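Trainee: One structure, pasted below without further comment.
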Amino acid sequence: MYSEINGRKLSNSANKEIYLITDYKLQNIKNVVICDALILDYTDSEGCINFVKEIRNSLIEAIYLVPLFIYSQYQEVDEITSYLSDGVFANINEQNLVEKIQVILNRRDQLKVNDATTNESRIINKILRFQYTRNKELTPIVSSKSHIGYEFPLVSLHFQEEETTRLLAILNNLTEKDYFVKQFIDRVHLCNKCSSAFINYREICPKCNSYNLVAESLIHHIECGYTGLEKAFGNPRQLICPNCEKQLWQLGSDYTKPSGTYSCNNCKHLFRESIKKAFCFNCKNSTSPDSLNHTIISSYKITDNGIKMAIGEVKKEIEKSEPSISGFVSFTTFTTFLEYEIQRAKTSNSSVSIGKIKIDISLNDKNRLGVRFLKLVEEIGDFIKNTSSTGDIITIGPNDVFLLISPFNSLTKLDFLLGNMQISVQKMISMAFPDYDISVRVKSNFIDGRTQKNEMINDLIR
């Protein structure tokens with residue numbers, strides 16, 4: 001029997017709506033809401049992988065929480081697909097399958113109505129609810145396709161490559177709120193400009209800065225004291241000292257091999273110590289290895305407080321300061337991200353800037369405008385988001401101030417961008433409320449390692 005989901009319904013003693021899917025070409029994930037569970041055949045591995053990701057990447061709860069199993073008799077299921085599933089098996093055991101499905105459905109039935117209104121809060125809610133219904137940690141998986149070398153399968157595709165540090169900031173912010181407990185997985189070295197893990201370490205000639213080098217071995221003739229390149233001693237099987245012309249027989253008694261040296265093919269310079277550089281394949285930035293951003297990668301396990309938040313038993317603190325503008329982050333997440341940038345600035349020559357767009361309006365005028373002012377703030381937020389650079393982190397802070405961290409713009413470029421925004425936003429306000437005295441102020445600062453987070457925030461929101 002075939003249904004709307006283009007799969008075969010499996011009969012079972014529990015009378016569950018369980019469908020086995022083998023053909024992924026005509027599937028529509030909206031139809032999976034009618035299912036109690038899905039079993040996906042891995043024979044068409046590419047189709048199966050894409051369909052699993054499509055389901056789990058949805059922000060519609062009835063879709064991404066559906067119990068999903070992988071059926072594979074002969075192929076090894078890839079690690080990410082296995083993680084996103086609720087189990088992989090080569091033989092279908094009805095009793096075992098139904099029991100696993102029922103556990104998930106029982107937990108899913110405990111979830112109260114989700115009132116998350118922003119993209120970030122929906123993602124947070126998704127992480128918490130998926131972990132609770134599956135009793136599964138959010139575990140990073142090594143991936144050469146990931147910007148930082150690790151992928152969090154459930155949530156990574158909700159963030160663009162340049163937003164990976166924002167994802168980590170959100171997860172660590174939830175840990176600070178005691179919704180997660182984290183466990184160390186790895187320490188990665190990321191580009192201090194674009195946060196990419198695709199780094200090549202180079203030895204550089206100290207004379208001409210070329211990295212066209214050859215490692216050379218040295219030989220020290222003990223009797224005459226001569227030290228030179230190994231190739232100058234002739235045939236490795238019959239070493240002859242070029243200084244005294246005596247044959248060297250035994251390593252340790254006739255000669256030694258001290259530490260090697262480098263020869264530069266560009267300028268022919270010989271040297272013992274090269275300069276070390278880290279080259280980023282993503283943005284082509286070249287810097288000292290000590291200046292790389294050292295980032296901790298962790299797994300995240302839901303806590304008792306996180307379970308209460310997932311179910312909806314406590315008021316969502318996530319929503320208290322959450323702007324209702326798509327693409328914005330919460331003020332708390334913004335400050336966490338700022339703290340990362342300050343720490344990064346202490347160990348690197350990063351040129352990250354922070355700025356504000358402040359709406360100056362009297363309390364009396366704000367109260368008179370009421371919801372009209374709130375609507376204006378949303379329109380200004382949409383304009384700022386669409387005008388800002390890709391990868392900028394934006395929030396609404398206290399006192400009607402928009403705050404913006406610009407990882408890829410210099411202070412000069414951010415000043416120019418904010419100046420144009422100021423002119424445009426002022427025109428928007430003047431056209432909407434010509435009889436009100438509302439002005440716009442902008443300011444930008446360079447994020448360094450000397451200024452504290454709270455000091456920088458307080459300076460901007462004034």
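Trainee: Any chance you could look up the accessible area of Arg108 with a 1.4 Å probe, heavy atoms only, rounded to 10 Å²?
Mentor: Number for this one is 60 Å².
Trainee: To the nearest 20 debye, what is the magnitude of the charge dipole of the range 365-445 about its Cα centre, counting +1 on the Cβ of each Lys and Arg and -1 on the Cβ of each Asp and Glu?
Mentor: The calculation lands at about 40 debye.
Trainee: Report Lys443's accessible area, 1.4 Å probe, all protein chains in place, as a number in Å² to the nearest 10.
Mentor: My reading of the accessible area for Lys443 is about 70 Å².
Trainee: Counting only the heavy atoms of the protein chains, how much of Lys53 is accessible to a 1.4 Å probe, in Å² to the nearest 10?
Mentor: Accessible surface of Lys53 is approximately 60 Å².
Trainee: Using the alpha-carbon centroid of each, what span in Å lies between the range 130-163 and the range 351-373?
Mentor: Answer, in whole Å: 36.
Trainee: Viscosity 1.567 mPa s, temperature 4 °C: give me the Stokes-Einstein translational D for the range 93-174 in µm²/s, with Rh taken as the Kirkwood radius over C-alpha pairs.
Mentor: The Stokes-Einstein estimate is 89 µm²/s.
Trainee: Out of residues 5 or more away from Tyr255 or on other chains, whose amide H comes under 5 Å of its own, with H placed 1.01 Å from N in the peptide plane?
Mentor: Correct list: Ile222, Gln250.
Trainee: Okay, next question. So, with +1 on the Cβ of K and R and -1 on the Cβ of D and E, and no other charges, what is the size of the charge dipole of the chain about its Cα centre, to the nearest 20 debye?
Mentor: Charge dipole of the chain: 780 debye, to the nearest 20.
Trainee: Stokes-Einstein D for the range 10-68 at 4 °C, 1.567 mPa s, Kirkwood Rh over Cα pairs, in µm²/s?
Mentor: Roughly 110 µm²/s, to the nearest whole number.
Trainee: Hey, what's the per residue convex hull volume over the C-alpha atoms of the range 379-426, in cubic angstrom?
Mentor: Convex hull of Cα atoms, per residue: 76 Å³.
Trainee: Taking a ≥ b ≥ c as the square roots of the eigenvalues of the Cα gyration tensor of the range 37-150, is the shape rounded (a/c under 1.5), prolate (a/b larger than b/c) or oblate?
Mentor: The shape class here is oblate.
Trainee: Let me have the 222 nm mean residue ellipticity of the chain computed from DSSP H runs of 4+ only, each contributing -39500 (n - 2.57), with the sum over all residues rounded to the nearest 500.
Mentor: Counting only the DSSP helices, I get -10000 deg cm²/dmol.
Trainee: Here's a follow-up. Going by alpha carbons, how many degrees (0 to 90, nearest 10) lie between the helix axis of 331-347 and the longest principal axis of the chain?
Mentor: 10 degrees
Trainee: Considering only protein heavy atoms, what per residue accessible area in square angstrom results for the range 84-180 with a 1.4 angstrom probe?
Mentor: 42 Å²
Trainee: Please name whichever of Val32, Asn172, Leu97 sits farthest to the positive end of the charge dipole of the chain, dipole taken about the Cα centre and charges placed at Cβ: Lys and Arg +1, Asp and Glu -1.
Mentor: About the Cα centre, the residue reaching furthest to the positive side is Asn172.
Trainee: Using just the Cα positions, wrap the range 350-462 in a convex hull and report its mean projected area in square nanometres, one decimal place.
Mentor: 6.8 nm²
Trainee: Sticking with this one: Which whole-Hz couplings ³J(HN,Hα) result when phi for each residue of the range 123-135 is put into the Karplus expression 6.51 cos²θ - 1.76 cosθ + 1.60, θ = phi - 60°, listed in order with x for Gly and Pro?
Mentor: Once rounded to whole Hz, the list reads 5, 4, 4, 5, 4, 5, 6, 5, 4, 5, 5, 9, 6.
Trainee: Another question, if that's okay. Among Gly391, Ser45, His147, pick out the residue whose Cα is farthest towards the positive end of the charge dipole of the chain, where Lys and Arg carry +1 and Asp and Glu carry -1 on C-beta, about the Cα centre.
Mentor: Positive-most Cα among the choices belongs to Gly391.
Trainee: In whole percent, and with a 1.4 Å probe on the protein chains, what portion of the accessible area of the chain is carbon and sulfur?
Mentor: It is 47 percent, rounded to a whole number.
Trainee: Structure shown: which of Lys177/Lys301; Lys30/Lys100; Lys126/Lys301 lie over 18 Å apart, alpha-carbon to alpha-carbon?
Mentor: Where the Cα-Cα span goes over 18 Å, the pairs concerned are Lys30/Lys100.
Trainee: Using θ = phi - 60° and the Karplus relation 6.51 cos²θ - 1.76 cosθ + 1.60, list the HN-Hα couplings for the range 77-92 in order, rounded to whole Hz, with x at every Gly or Pro.
Mentor: Once θ is set to phi - 60°, the couplings for the range 77-92 become 6, 4, 5, 5, 4, 4, 5, 6, 8, 9, x, 10, 8, 9, 9, 8 Hz.
Trainee: Output ³J(HN,Hα) for the range 31-38: one whole-Hz value per residue in order, computed from phi by the Karplus curve 6.51 cos²θ - 1.76 cosθ + 1.60 with θ = phi - 60°, and x for Gly and Pro.
Mentor: Here the 3J(HN,Hα) series is 7, 6, 5, 7, 9, 7, 6, 10 Hz.
Trainee: Another question, then. Run the numbers on the chain and let me know its relative contact order in percent, using alpha-carbon pairs under 8 Å that are six or more apart.
Mentor: It comes to 13 percent, rounded to a whole number.
Trainee: In the chain, with Lys and Arg counted as +1 and Asp and Glu as -1 at Cβ, which of these residues, Gly87, Thr227, Asn212, has the Cα nearest the positive end of the dipole, that is, farthest along it?
Mentor: Ranked along the dipole, the leading option is Thr227.
Trainee: Another question, then. Using the C-alpha atoms of the chain, what convex hull volume per residue, in cubic angstrom, is computed?
Mentor: 223 Å³
Trainee: Follow-up. May I ask you to give the solvent-accessible area per residue for the range 181-234, in square angstrom, as obtained with a 1.4 angstrom probe?
Mentor: 57 Å²
Trainee: Related question: Measuring from a point 7 Å past the Cα of Phe279 along Cα-to-C-beta, which residues in the range 204-230 have an amide N at less than 14 Å?
Mentor: 204-205, 209-214
Trainee: In whole Å, how far is the Cα centre of the range 197-211 from that of the range 402-417?
Mentor: 30 Å
Trainee: Can you list which of the chymotrypsin sites (Phe, Trp or Tyr not before Pro) found in the range 206-299 are DSSP loop residues with at most 15 other C-beta atoms within 10 Å?
Mentor: Filter output for the range 206-299: Trp249, Phe281.
The values are calculated or read from the model by the stated rules, or taken from the named source; none is laboratory data. Please read all numbers here as calculations on a predicted model, not as lab measurements. Note that each Cβ is placed from the backbone with ideal geometry, even for glycine, and that neighbours are counted across all protein chains shown. The protein model used for the area step is the full one, side chains on, heavy atoms only, and it has no ligands, DNA or RNA in it. Shrake-Rupley method; radii C 1.70, N 1.55, O 1.52, S 1.80 Å.
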